[in-house]
Structure formats: C-alpha cells, structure tokens
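Below is one structure; the comments refer to it alone.
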Amino acid sequence: MNLEDLLKERLIERVEINKELVKNTFELAERDIKAAKDNLKNENFDWCYAIAYNAMLQAGRALMFSKGFRSTREGGHIAVVRFVATLLVGDGSILVTVFNKLRVKRHQIIYEQKELVSKEEAVRAVDKAVEFIGKIKKMPGW
C-alpha cells in the first residue's frame, strides 16, 4: 500500500499544507494524552482508552496535513491508519498495528459495550499513544 493507492481508492485527497492546522491538530493529540492520563487516574478505563486512541488519531491527522493530505469522508479513521502505515515502517509498523487495534476497540467502547477495558489495557493504550506521538514528532520534515 502506498499513497497513490490511497488516492485511487479515494480514502485520502491532496490539500494545501497549512502549518497552523498541523500545529493545532498536533496540540489536540497532546491535549488528549493529558485527558487520557486524567481518566486513567480516575479509573475511567474505557474513556482513557478511547481518548488515547483519539490522541493517536489526531497525531496521524497532523502528519497527514503536514504532508499535504487529508482523509476523505469515505476514508475516515481507517484512512488515517493506512496513511500512517505508508510512512511509519520498520519498528514504527508495530505502532501502526497498535493504532489500528485501538481503533477497532474504541468503536466497540463508543457504540457497543461498556466496561470493556481493564486498567492494564488502559495503561498500555496511553503508553503506546505517547510512543506513537513521539515517533511522529521525530519524523523528518516535522
């Protein structure tokens, strides 16, 4: 999978790079990490997990914007995961796998079930979200 494939599938589209949008979106990721940690302390494990995922989503969106892309309406969240997968290769691909697993479980949390996440899962989600955001922040051209 590469960016051209994502464009052909209409999961992503090209946009003008807007540095302010990149900055603001990345700040949302950092805000969400703080909120996830707060929810962890308050033992709101489902919300902690969902917000940790959202932090990853916002960091992924910021990365997309920084490269001149955004997901289409059809693409949604999976487009962000697949876009990030084209750029985070090697040891970063493990983080993309985690990102996608959080995406799937977050859907269950939001729309289907409650009290689905254990404390250990919530802690891991926050840790992986922090690692994911750090990895994106260290990418060339950021």
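The values are calculated or read from the model by the stated rules, or taken from the named source; none is laboratory data. As the structure is a computational prediction, the values presented were derived from the model and not from experiment. Neighbour counts run over all protein chains shown; Cβ positions are idealised from the backbone, glycine included.
Points worth noting:
Quick grid of which residues meet (1) modelled with pLDDT under 95; (2) part of a loop (DSSP other than H, G, I, E, B); (3) more than 30 Å from LYS119 (Cα to Cα); (4) of a type in the set (Ser, Thr, Tyr):
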position	(1), (2), (3), (4)
GLU13	no, no, yes, no
LYS23	no, no, yes, no
ASP38	no, no, no, no
CYS48	no, no, no, no
TYR53	no, no, no, yes
MET56	no, no, no, no
ARG82	no, no, no, no
ALA85	no, no, no, no
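- Within the range 68-80, being without any contact (Cβ under 8 Å) to a residue 40 or more places away in the chain and either surrounded by 23 or more Cβ atoms within 10 Å (Cβ to Cβ) or not in a helix (DSSP H, G or I) (or both) holds for ARG73, VAL80.
- Filtered by the rule that a residue be closer than 12 Å to ALA59 by Cα and either modelled with pLDDT under 90 or of a type in the set (Asp, Glu) (or both), the range 87-138 gives a lone residue, GLU131.
- Any hit, the range 105-126, residues being outside any helix (DSSP H, G or I) and among the acidic types (Asp, Glu): yes
- Any hit, the range 106-118, residues being in contact with a helix residue (DSSP H, G or I) (Cβ under 9 Å, 6 or more places away or on another chain), within 27 Å of VAL15 (Cα to Cα) and in contact (Cβ under 8 Å) with a residue 40 or more places away in the chain: no
- Here the condition is being within 16 Å of PHE132 (Cα to Cα) and of a type in the set (Val, Ile, Thr); of ILE51, ILE17, it holds for ILE51 alone.
- Of all residues in the range 119-140 being exposed (fewer than 12 other Cβ atoms within 10 Å of the Cβ) and out of contact with any helix residue (DSSP H, G or I) (no Cβ under 7 Å at 6 or more places or on another chain), the one that is farthest from ASN44 (Cα to Cα): PRO140
- Residue among PHE65, PHE45, PHE83, PHE99 that alone is aromatic (Phe, Trp, Tyr), crowded, with 19+ Cβ neighbours inside 10 Å and over 21 Å from MET139 (Cα atoms): PHE45
- Members of the range 61-76 found to be modelled with pLDDT of 95 or more and either farther than 12 Å from ARG14 by Cα or within 12 Å of the chain's Cα centre (by Cα) (or both), listed by number: ARG61, ALA62, LEU63, MET64
- Pick from the range 13-47, criterion out of contact with any Ser or Thr (no Cβ under 6 Å at 6 or more places or on another chain) and β-branched (Val, Ile, Thr), ranking: farthest from ARG82 (Cα to Cα): ILE33
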